[in-house]
Amino acid sequence: MKSIEVARLTEEGELKRFMVGLLQRSPAQQTEVMVTEWDSALTRFANNGIHQNVAERDVSVRVRVVKDGKTGVASINQMNESAASDVLNRAVAIAELQPKGEVVPMPGPAKSQRVETWSDATASATPEERADFVEAICARAKRAGLKAFGAYSTGAEQLAIANSLGVLHHHRSTKATVNSVVMGEAGSGYADRGAIDVRQLDKNDLADEVIDKAQRNQNAQPIEPGVYEVVLEEYAVAEMLEFMSFTGFSALAAQEDRSFMRPGERITGESVNIWDDGVDPSGVPTPFDFEGVPKQRVNLIEGGVASGLVYDMQTAQRAGRQSTGHGLPAPNTEGPFAVNLFMGPGTTPKADLASDIKRGIWVTRFWYVRVVHPKASIITGMTREGTFLIENGRITRPVKDLRFTQSMLDALNGTLAISQSTKLEISEYLGAARVPAVRLKAFTFTS
Amino acid sequence: MKDLAEAALNAAQIKGAAYADVRLDERVQQDITVKNGQLAAVSDDASEGFGVRVLVDGAWGFAGSARLKQDEVQEVVERAIRIARASARARSVPVDLGPPVTSRGHYRTPVERDPFTVPLTEKVELLLRADQAMGAVKGVTIREGSMEFIKQTKVFASTEGAYTEQELYESGAGIEATATSPDEVQNRSYPNSFGRHQGAGGYEYITALELDRHGQRIGEEAVALLLAPQCPSGVRTLILDASQVALQVHESCGHPTELDRVFGMEAAYAGTSFMTPEKLKHLQYGSPKVSITADALTPTGLGTFGWDDEGVPAQRSFLIQEGLFVGYLTSRETASVLGQQSNGTMRADGWNRIPLIRMTNVSLQPGDSTLEQMIAETKDGVYMETNRSWSIDDKRLNFQFGTQLAYEIVNGKRGRMLKNATYAGITPEFWNSCDAVGGKSEWQVWGLANCGKGQPPQVAHVAHGAAPTRFQNVKVGILK
């Protein structure tokens, strides 16, 4: 029974032959082909039982052609000779039918760093293994008089990019993630984990955290909104970094005068260091971007100073410099994106972050964060599943979830302490962030 | 298609499924973006595949594949069955689907002009004309316009005998002007935000928008916003334009009436709901001016179809009737828990996803006022238009929205333009403060093509009919 659950991905040689064959058939002056193929499964649970349980296999073949200064892009989710002809013909037809536009250059060949992100154990995880994991969490919650909810996923994928200038990259990876909310009669807790190797996900460790949080977060009482000193756990910090990336770290946002980044100026506290590194094995590395450019490490905020931006081929061309390897799939009007984020650790044990706080708020995670004012880096959102009052250095009681409306830069400008440990948070869409927990001097809760 | 569907259902039954359904789905999509006077992106995407959902020992399993081949069907069914058996080991209560569903037939979105037959040049020229109109305004720094066209062909078949075929079309377009200063980024978009205004229909939907007629106006508004005063903080009368009301309905009525959320099936992701079953027919959700329906028969609505993805026919039902909470959006599985039958809201984001309860066209019914009348009756208030930011808690109670444009209202007259306007509230308090809803002449169906839900994530295309609406004693102006 195990055999049908091994992730079924096309063999690397066959995949490359398909891509090179497609490039050779193209009548365009420049052609790029990107193939993404994945085989994944997800087991979802609610009220201490599995209620949804799914698996899929799919592929995307995306072709970009440049013909007479005009660009066409087409995709198809089949990988065979007739699909190759179809997708190529459609891309060429689009290019031929349109007026001339700005041509995004294709990169030439460059060696990318090899990073290992494959686990046979993840690729061959079975539905029974996922069910056992989930059952264990549900059983722990049930014994504690609580209810568990969540999702546990395992999957394998490969990404390959080739172009007519000689680029030919291939990378395969696996990923396992689990998140859980555990609820009591009057409150809930949250925890998640992610790893390349499914064997690193420890069900007892996850259950310990989420059940403890749920038990401590019962019968929360309201607290007056206002400005509080806060400790943000890694879940909240990772989300904040994602929004900084979304609104400020892209060269396009800077070129269009939308970014909060002011190059060379100090924009946060001096202890804050944020960078993007697509090949650091402690993140979720991918050695090249969706244009086939090897990923470079980019220091975004160094000692509190805005120090760098991420570039793709288009923004690099406009700026007269090289891409940093942060391009998204064509056609892309959103600009480059930093998706392998890191925030540097500090020296404080996480457990001690609250120890000097007279009166403050401990935040487990954020929810439904949205940008209110991009240039002032103001976001709004709610706290969720574990908001606590800190009094005289100790967490004293749970408080009702609060809405915050806060400038991210202002918040980080008041960084008082950073945990010495960091946690990997894998995005549900693209990339990951490895971040510490932080203590911030002022955070505005508006309701 | 039919052969593959039958093969999947037969295989599922032979392997022990008490119930099975299969969806074969083919989707083509064209996206066009014009930016700053140039064609920035055109793409043509195609996806096809099938998904098999089985019920074994009272538990669900689902598997999907892009390979539409007989041998793959057998393997995918086997995978779905194995997954269902694994689910059964750790399920809580067995799934009860209620009475069988045996729908049969064909449905096609009414289309006057197939968008896939319209020349690309015609589409690009329209976007470039709108771009030129925005570009004529000094101070506009970014101009963007886009179109999207989708054709989806779906076959649904089940072991209960249902067999339906649907051809669904969507067309959408929008333009946006941005102006920046050292401290501000201000956007104005038409007809809506979120990139586009989208509906079920053909290219006639695009033509009717008259994009090029609105470029100059939104450009001028974006530039004017840079110098406009900040929306002051306070508790005021609030009048929302129809598009913002549509989003308010979506977030604070559509989502909390999804019965799967109520039962905790989304608790670890999208959240739960404050509209729990004991409140049904008891909660005064809004004022008597507030009636909200879920109607999958609404012309041009993105939630309009023949049957949902469980084969249940499209239908209309009340969620809120004259302010009283009277109904949920349901599936077969969730409705049976309440002793009801599904009202047909299960939809999947493609062949590779299971159907979830999704809004159809959830609409605030028209009232008897007009925007001008509401303004004339208001002494001290703010009028807000076109969404800019949106956030609501996991139970759908505590919300905060921002809009692109606002005007103060003083003694029944529209006053100064205001920037960075926001408002916040608690859902039932807010809707109970509603004292005027615009009439049929100002009521419009607004498409929303970015509704996220589920794990793995799914995006649904839904719609909301709405007219300008007024609320009293609302907290506005969160930013100092």
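The values are calculated or read from the model by the stated rules, or taken from the named source; none is laboratory data. Everything numeric in this text was worked out from a predicted model, so none of it was measured. Every residue, glycine among them, receives a Cβ derived from its backbone with ideal geometry; neighbour counts consider all protein chains shown.
Per-structure values
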{"quantity": "Out of B:Asp295, B:Asp309, sole residue that is touching a Lys or Arg at 6+ places or on another chain (Cβ under 6 Å), under 15 Å from B:Asn361 (Cβ atoms) and among the acidic types (Asp, Glu)", "calculated": "B:Asp295"}
{"quantity": "Single match in B:Val76, B:Val124, B:Val95 (criterion: in the same structural domain as B:Tyr205 (by TED's automatic domain parsing), within 21 Å of B:Ala173 (Cβ to Cβ), of a type in the set (Val, Ile, Thr) and not in a strand (DSSP E or B))", "calculated": "B:Val124"}
{"quantity": "Residue match in region A:335-348 (condition: free of Cβ contacts under 8 Å to residues at least 60 places away in the same chain, within 30 Å of A:Val63 (Cβ to Cβ) and within 14 Å of another protein chain (Cβ to nearest Cβ))", "calculated": "no"}
{"quantity": "Qualifying residue in region B:292-308 (condition: more than 30 Å from B:Arg470 (Cα to Cα) and within 13 Å of chain A (Cβ to nearest Cβ))", "calculated": "no"}
{"quantity": "Filtered residues of region A:358-387 (kept if in a loop (DSSP other than H, G, I, E, B) and surrounded by 24 or more Cβ atoms within 10 Å (Cβ to Cβ))", "calculated": "A:Ser377"}
{"quantity": "Residue tally, condition out of contact with any Gly (no Cβ under 7 Å at 6 or more places or on another chain), part of a loop (DSSP other than H, G, I, E, B) and of a type outside the set (A, V, I, L, M), over region A:105-137", "calculated": "11"}
{"quantity": "Which numbered condition A:Tyr235 fails, given (1) hydroxyl-bearing (Ser, Thr, Tyr); (2) within 30 Å of A:Ala156 (Cβ to Cβ); (3) touching a Leu at 6+ places or on another chain (Cβ under 9 Å)", "calculated": "(3)"}
{"quantity": "Options B:Ile357, B:Ile409; residue that is within 30 Å of A:Glu56 (Cα to Cα), of a type in the set (A, V, I, L, M), touching a Ser or Thr at 6+ places or on another chain (Cβ under 7 Å) and not assigned by TED's automatic domain parsing to the domain that holds B:Ser65", "calculated": "B:Ile357"}
{"quantity": "Test for B:Gly64: is it within 23 Å of A:Ala91 (Cβ to Cβ), within 13 Å of another protein chain (Cβ to nearest Cβ) and part of a strand (DSSP E or B)", "calculated": "no"}
{"quantity": "Flag if B:Arg85 is at pLDDT below 95 and crowded, with 16+ Cβ neighbours inside 10 Å", "calculated": "no"}
{"quantity": "Test: residue in region A:126-149 that is of a type outside the set (S, T, N, Q), in contact with a strand residue (DSSP E or B) (Cβ under 7 Å, 6 or more places away or on another chain) and within 24 Å of A:Ser60 (Cβ to Cβ)", "calculated": "no"}
{"quantity": "The lone exception for B:Thr153 - which of (1) among the polar types (S, T, N, Q); (2) closer than 29 Å to B:Gly51 by Cβ; (3) buried (at least 20 other Cβ atoms within 10 Å of the Cβ) it fails", "calculated": "(3)"}
{"quantity": "Only one of B:Gly323, B:Gly344 that is on the phi > 0 side of the Ramachandran plot, outside the structural domain of B:Gln29 (by TED's automatic domain parsing) and under 16 Å from the mean Cα position of the chain (by Cα)", "calculated": "B:Gly344"}
{"quantity": "Scan of region B:68-113 for residues that are among the basic types (Lys, Arg) and under 23 Å from A:Gln52 (Cβ atoms), ordered by number", "calculated": "B:Arg79, B:Arg82, B:Arg85, B:Arg89, B:Arg91"}
{"quantity": "Matching residues, region A:77-94, being more than 7 Å from every other protein chain (Cβ to nearest Cβ) and not small (Gly, Ala, Ser)", "calculated": "A:Met79, A:Asn80, A:Glu81, A:Asp86, A:Val87, A:Leu88, A:Asn89, A:Val92"}
{"quantity": "Of the criteria (1) within 14 Å of chain B (Cβ to nearest Cβ); (2) more than 25 Å from A:Gly189 (Cβ to Cβ); (3) not hydroxyl-bearing (Ser, Thr, Tyr), which one A:Val310 fails", "calculated": "(1)"}
{"quantity": "Condition check for A:Glu102: within 14 Å of chain B (Cβ to nearest Cβ), more than 30 Å from A:Asn48 (Cβ to Cβ) and in a strand (DSSP E or B)", "calculated": "no"}
{"quantity": "Per-region count, region A:349-378, residues of a type in the set (Lys, Arg) and within 14 Å of chain B (Cβ to nearest Cβ)", "calculated": "3"}
{"quantity": "Region A:4-56 - residue that is touching a Leu at 6+ places or on another chain (Cβ under 9 Å), in a strand (DSSP E or B) and of a type in the set (Val, Ile, Thr) and, of those, nearest to A:Met79 (Cα to Cα)", "calculated": "A:Val35"}
{"quantity": "Count of region B:286-326 residues which are touching a helix residue (DSSP H, G or I) at 6+ places or on another chain (Cβ under 7 Å), of a type outside the set (A, V, I, L, M) and closer than 21 Å to B:Gly98 by Cβ", "calculated": "1"}
{"quantity": "Filtered residues of region A:293-315 (kept if buried (at least 21 other Cβ atoms within 10 Å of the Cβ) and either modelled with pLDDT under 95 or farther than 24 Å from A:His171 by Cα (or both))", "calculated": "A:Leu300, A:Ile301, A:Ala306, A:Gly308, A:Leu309, A:Thr315"}
{"quantity": "Residue in region B:427-441 that is more than 21 Å from B:Gly286 (Cα to Cα), surrounded by fewer than 24 Cβ atoms within 10 Å (Cβ to Cβ) and at pLDDT 95 or above present", "calculated": "yes"}
{"quantity": "Residue in region B:74-84 that is of a type in the set (Asp, Glu) and either more than 9 Å from every other protein chain (Cβ to nearest Cβ) or over 20 Å from A:Ala7 (Cα atoms) (or both) present", "calculated": "no"}
{"quantity": "Condition check for A:Glu270: surrounded by fewer than 17 Cβ atoms within 10 Å (Cβ to Cβ), farther than 13 Å from A:Gly308 by Cβ and in the same structural domain as A:Ala354 (by TED's automatic domain parsing)", "calculated": "yes"}
{"quantity": "Filter pass, B:Thr304 being at pLDDT 95 or above, more than 16 Å from B:Gly452 (Cα to Cα) and surrounded by fewer than 23 Cβ atoms within 10 Å (Cβ to Cβ)", "calculated": "no"}
{"quantity": "Residues (facing chain B (nearest Cβ under 10 Å), surrounded by fewer than 24 Cβ atoms within 10 Å (Cβ to Cβ) and not hydroxyl-bearing (Ser, Thr, Tyr)) located in region A:60-76", "calculated": "A:Arg62, A:Lys70"}
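Residue-by-condition table, conditions (1) assigned by TED's automatic domain parsing to the domain that holds B:Gly447; (2) buried (at least 22 other Cβ atoms within 10 Å of the Cβ); (3) of a type in the set (A, V, I, L, M); (4) not in a strand (DSSP E or B):
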| position | (1), (2), (3), (4) |
| --- | --- |
| B:Ser363 | yes, yes, no, no |
| B:Val382 | yes, yes, yes, no |
| B:Phe399 | yes, yes, no, no |
| B:Arg414 | yes, no, no, no |
| B:Met417 | yes, no, yes, no |
